[in-house]
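First the structure, in the form of structure tokens, and then the observations on it.
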Amino acid sequence: MTTAWLMLAMGDNRRQHGGNDGYDDNPRHHYEWDSTVPNHARVAVGDVIALWDSRELIGVSVIHGIDTRTEEKTVYFCPKCKRAGFKRRRRLAPACRCFRCGALFDTPGQKTKTVTTYRSQHGRSWVNGRGLLAGDELRNLCDSPFSQLSMRPLRWEKLRDALLELTGEELPLELEDEGRVPISGGHRVSEVRVRVGQHAFRTRLLREQGEQCAMTGAAPAAVLEAAHLYSYAESGEHHDYGGLLLRRDIHRLFDLGQITVDPGSGLIEIAPSLRSYPLYAQLHGQPLTVQLRPEHRVWLEAHWLSKRPST
């Protein structure tokens, strides 16, 4: 299961937590927090992050690295209740109001504290999200819609589906997580591969083949995926004529080798384990719905041979 977070990123050092001096956010490339922030140790490499400015979505990405260090940080607190939960007010006097006890004051108390700082690295797969989802819509995608935390758990499936409905396209981030291992501090080590160029690859297939699944026929673009006819994980390249548009369920079964194309006849072959399902059984022995190029046939033959049981 993909873990996702909604993270508040104001920029210009305007984001505060616990009365500190703010954080250096650059949404397209990195996001900073420290060990005074709730959920600070739960965020990990491989997690999806949606950054917002409290009004709308800024963008979506996936963390490919987290830099940590220890430093001394000045923390400010309410002089009355000694708690850090207060807000600086820009236009009102006194300049500060405590959320905890309601005290108003101009000059907060302060102390120096040793903290662990974190900076995400996520620039490789940044997707601009300006104008797509408003603040209220993003809150409703969270586990706790009324949370006030600057980093809060987000339902990845809900975010993905909401953006798909708005844009008609899958997010061009595809995670290939090869197992996450817990380590000290709540972080996990995982190898994350981001499919660079996947969005352009799918766009090209839609332009060349139209809105139709190569095996089942006409279908809305929203349910069509760009399927590689070879192992993209091994090559890391988008080959010319190395893909077809497939409906999501067909794509999954094709990757598993339960649906193949016989290179001799050019007809769809459905694994015996699927033939009890009428939806798939009716495809067995049928031709593809798109015209194949010689390059397609080469890749399809390699796929068919790789998925055949060894004798």
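The values are calculated or read from the model by the stated rules, or taken from the named source; none is laboratory data. Since we're looking at a predicted model, the values are computed, not measured. Cβ: placed from backbone, ideal geometry, glycine included. Neighbour counts: every protein chain shown.
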Report task. Could you check, for region 303-311, whether at least one of its residues is among the hydrophobic types (A, V, I, L, M, F, W, C) and out of contact with any Pro (no Cβ under 9 Å at 6 or more places or on another chain)? Result -> no
Query raised in the report: Restricted to region 115-157, and to residues that are at pLDDT 90 or above and assigned to a helix (DSSP H, G or I), which residue is surrounded by the most Cβ atoms within 10 Å (Cβ to Cβ)?
Result: Leu138
Report task. Only one of these is at pLDDT below 90 and small (Gly, Ala, Ser): Ala93, Ala84. Name it. Result -> Ala84
Report task. Could you tell me whether region 102-110 includes any residue that is surrounded by 16 or more Cβ atoms within 10 Å (Cβ to Cβ), assigned to a loop (DSSP other than H, G, I, E, B) and within 31 Å of the chain's Cα centre (by Cα)? Result -> no
Requested in this report: Might you let me know whether region 122-136 holds any residue that is free of Cβ contacts under 8 Å to residues at least 40 places away in the same chain and either under 11 Å from Ala50 (Cα atoms) or over 15 Å from the mean Cα position of the chain (by Cα) (or both)?
Outcome: yes
